[in-house]
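Visitor: Take a look at the following structure, please.
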Amino acid sequence: MKTVQAFAAKEAGAKLEPFQYELPDIDKEQVDIKVHYCGICHSDLSMLNNEWGNAQFPLVPGHEIVGEVISTGPNVKNIKTGDLVGLGWFSESCMHCDQCMSGSHNLCPTKEEVIVGRHGGFADYVRCHWSWATPLPKGIDISKAGPLLCGGITVFNPILSSGVKPTDKVGVIGIGGLGHMAVKFLNKWGCEVTAFSSNPSKKEDILKMGAHQVVNSRDSSEMEKINGTLDFILNTTNVTLDWPGYLKVLAPKGKLHNVGAVLEPMGIPAFGLIGGDKSISGSPLGSPAQTRKMLEFCVRHNIYPITEEYPLDKVNEAFDHLKAGKARFRIVLKIA
């Protein structure tokens with residue numbers, strides 16, 4: 001048994017408070033991680049408010065975890081005590097279904113999620129299956145790496161799975177916690193990047209991130225000027241948008257890909273797709289192999305999220321900062 005010191009919410013919408021729980025003896029394919037840093041993701045806030053209806057309380061949030069392996073089960077592969085690893089939204093997959101056997105562990109129908117029905121990384125220790133403890137590449141800045149394990153792979157996966165090419169003209173909707181990382185990735189991928197933002201005050205910052213142009217998404221005349229030009233658009237927002245307008249911005253055979261958790265049904269006109277052979281898609285994070293590839297790409301090109309750091313005992317202040325829309329652009333908690 002291992003005693004874990006954490007911060008938890010006792011009910012939906014409640015403040016986080018100190019919480020202690022016991023981990024049972026480690027299983028043969030599990031690893032225990034001493035948490036050094038853990039990012040705060042908007043999904044943590046959604047879970048705390050039970051917006052998706054799957055939260056269980058008390059709830060210890062935190063799924064953008066960077067830390068050190070301190071113990072391993074006897075059947076653990078590729079991980080040893082002392083390794084620095086990252087852990088994102090998923091903590092286990094079955095390892096025998098068609099999805100796992102084909103390398104798409106993130107699509108496993110029985111996958112386990114770090115903060116759904118179990119406790120996450122706002123704690124001194126967290127446990128997972130060895131396959132989801134991703135070894136960190138040499139030279140990575142562990143103080144900024146946490147958000148890459150969720151937000152980063154969420155926007156990197158579509159670049160791989162959609163076959164985005166360096167010659168493509170691409171767009172990113174919403175330049176916040178997810179979108180600013182997408183802009184950085186796509187710039188280093190070699191693409192011409194258009195950022196869609198409703199906040200004109202962010203324009204200079206967005207251009208410094210790597211966007212080649214910034215379009216005011218609330219100005220229909222600006223949108224119309226680029227109709228028919230983009231091969232791929234990545235939506236990182238969780239709100240209802242002018243979907244027909246964005247379909248018009250796509251070039252023939254273009255794709256609108258969603259990673260933002262839009263809760264309302266999307267009103268998509270069929271002829272907006274049919275006439276230009278366009279498509280709509282979506283994806284969850286990525287597989288362990290894709291995560292390793294992303295981290296190596298980040299180190300090679302010095303890509304990190306823009307972060308603000310708080311100590312764990314200031315976690316409620318950090319959430320207030322996030323809820324107020326003041327985070328620029330990701331928040332990381334220093335645990336140990």
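Visitor: Measuring from label point to label point, each 7 Å out along Cα→Cβ, what is the residue 314 to residue 28 span in nm?
Guide: 4.6 nm
Visitor: Want the number for residue 201 to residue 336: 0.36 nm per residue separation, take away the alpha-carbon distance, what's left?
Guide: This chain segment gains 45.1 nm when fully extended.
Visitor: Something else about it: What ranking of 76, 4 comes out by heavy-atom accessible area, probe 1.4 Å, highest first?
Guide: Ranking 76, 4 by accessible area, largest first, yields 76, 4.
Visitor: Oh, and also: Tally the DSSP beta bridges in the chain and give the antiparallel ones as a percent, rounded to 5.
Guide: Approximately 55 percent, going by the DSSP bridge assignments.
Visitor: What FRET efficiency comes out for residue 229 versus residue 52 if R0 is 41 angstrom and r is the Cβ-Cβ distance? Round to the nearest 0.05.
Guide: Working: r = 35 Å, r/R0 = 0.85.
After rounding to 0.05, the efficiency reads 0.70.
Visitor: Taking a threshold of 28 Å on the Cα-Cα distance, which of the pairs 208/326; 208/314; 165/248; 202/248; 203/255; 138/326 fall above it?
Guide: 208/314; 138/326
Visitor: Could you compute the FRET efficiency for residue 208 and residue 274, with r as their C-beta to C-beta distance and R0 at 25 Å, rounded to 0.05?
Guide: 0.05
Visitor: Let me ask something else about it. Give me the net charge of residue 59's neighbourhood, meaning all other residues with Cβ under 11 Å from the Cβ of residue 59; Lys, Arg count +1, Asp, Glu -1.
Guide: 0
Visitor: Principal axes first, then extents: for the Cα atoms of the chain, list largest minus smallest coordinate on each axis, whole Å, largest first.
Guide: 62, 41, 37
Visitor: Rounded, prolate or oblate: pick one for region 133-254, where a ≥ b ≥ c are the square roots of the eigenvalues of its C-alpha gyration tensor, a/c under 1.5 means rounded, and failing that, prolate if a/b is larger than b/c, else oblate.
Guide: prolate
Visitor: Considering only DSSP states other than H, G, I, E and B, which trypsin sites (Lys or Arg not before Pro) in region 153-256 qualify as loop sites with at most 13 other Cβ atoms within 10 Å?
Guide: Numbers: sites: 169, 184, 188, 202, 203, 208, 218, 225, 248, 253, 255; in loops: 218.
For trypsin sites (Lys or Arg not before Pro) across region 153-256 that sit outside H, G, I, E and B with at most 13 neighbouring Cβ atoms in 10 Å, the list reads 218.
Visitor: Still on this structure: If you take every residue apart from residue 169 with its C-beta less than 13 Å away from the C-beta of residue 169, what net charge results, scoring Lys and Arg +1 and Asp and Glu -1?
Guide: After counting each charged neighbour, the total is 0.
Visitor: Local charge sum around residue 277 (other residues, Cβ-Cβ under 11 Å, Lys/Arg +1, Asp/Glu -1)? Working shown, then result.
Guide: Details: positive: 253, 255, 278; negative: none.
My count for the surroundings of residue 277 gives +3.
Visitor: Counting other Cβ atoms within 10 Å of each Cβ, which trypsin sites (Lys or Arg not before Pro) in region 64-155 have at most 13 and sit in a DSSP loop? Mind showing how you got there, number by number?
Guide: Working: sites: 77, 80, 111, 118, 127, 138, 144; in loops: 77, 80, 111, 118, 138.
Passing both the DSSP loop test and the Cβ count: 77, 80, 138.
Visitor: Would you work out if region 1-111 is rounded, prolate or oblate? Take a ≥ b ≥ c from the square roots of the eigenvalues of the alpha-carbon gyration tensor; rounded if a/c is under 1.5, else prolate when a/b is larger than b/c, oblate otherwise.
Guide: oblate
The values are calculated or read from the model by the stated rules, or taken from the named source; none is laboratory data. This one's a predicted model, so the numbers in the text were calculated from it and none came from an experiment. Ideal geometry is used to build each Cβ from the backbone, glycine not excepted, and the neighbour counts take in all protein chains shown. In case anyone asks, the SASA skips ligands and DNA or RNA and just uses the protein heavy atoms, side chains included. Shrake-Rupley method; radii C 1.70, N 1.55, O 1.52, S 1.80 Å.
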